[in-house]
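Throughout, read-outs are computed from the coordinates displayed, never taken from laboratory work. Because the structure is a prediction, the values reported are computed rather than measured. Backbone-built Cβ (ideal geometry, glycine too); neighbour counts: all protein chains shown.
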Amino acid sequence: MTAWIGGLSSLLARLDKIRAQQAEVQELDMRADEIAPVLRSLARDAGVEESEPMPVAVLVQRIEQRLRTMAERWIAIRDVDTRMREAESRIVRARKNKTAAENSLEDWGRRWSEAMPKIGLLQACKVEEAEAALTAWQELPAVLAERDNRAKRVSGMQRDAADFEARAAALESETGFDGATLPADLV
């Protein structure tokens, strides 16, 4: 009989536990019924479609899913917005760089126009013309050296020819022989 009383006591304890859980479930059902209109309104505002009333737990899951989707989209839009601002910033920097480059080019062109007449070129000459002139100026020392070398050689030849003529004339006068009477192919 003690075993039976022990078993009965255990069953009664379990029954009390079940009744307490049932009371909790009823309390939760009441609270769910109380917040259901607010959840349905929130679901409509969030864009969750509810063709027929659904249990509160399912509605909460759909709202959570919709909020996750909206959060992902918001993050994506925020990333796009950040990239747009960065692109705008790069555009502003590129425009500043372009303006600086244009100003630099204008300054270079002014200095170029001022420098060209100083080296004997037209003010509006092109870069290729200036490069050709610079190449000529770089080659000029070698050309002048070659000209001087040839002039010295010609001068030496003329000196040698004059010396030869003088010796030939002296030889003619000593010998009395007139070389002018000889045919040209024998001279």
Checklist entry - If a residue has to be part of a helix (DSSP H, G or I), in contact with an Asp or Glu (Cβ under 7 Å, 6 or more places away or on another chain) and among the charged types (D, E, K, R) to count, how many in the range 141-187 make the cut? => result 1
Checklist entry - Is it true that some residue in the range 84-91 is closer than 30 Å to A46 by Cβ and part of a helix (DSSP H, G or I)? => result yes
Item to check | Test result for K96, loosely packed, with under 10 Cβ neighbours inside 10 Å, free of Cβ contacts under 8 Å to residues at least 24 places away in the same chain, assigned to a helix (DSSP H, G or I) and out of contact with any strand residue (DSSP E or B) (no Cβ under 7 Å at 6 or more places or on another chain) | outcome: no
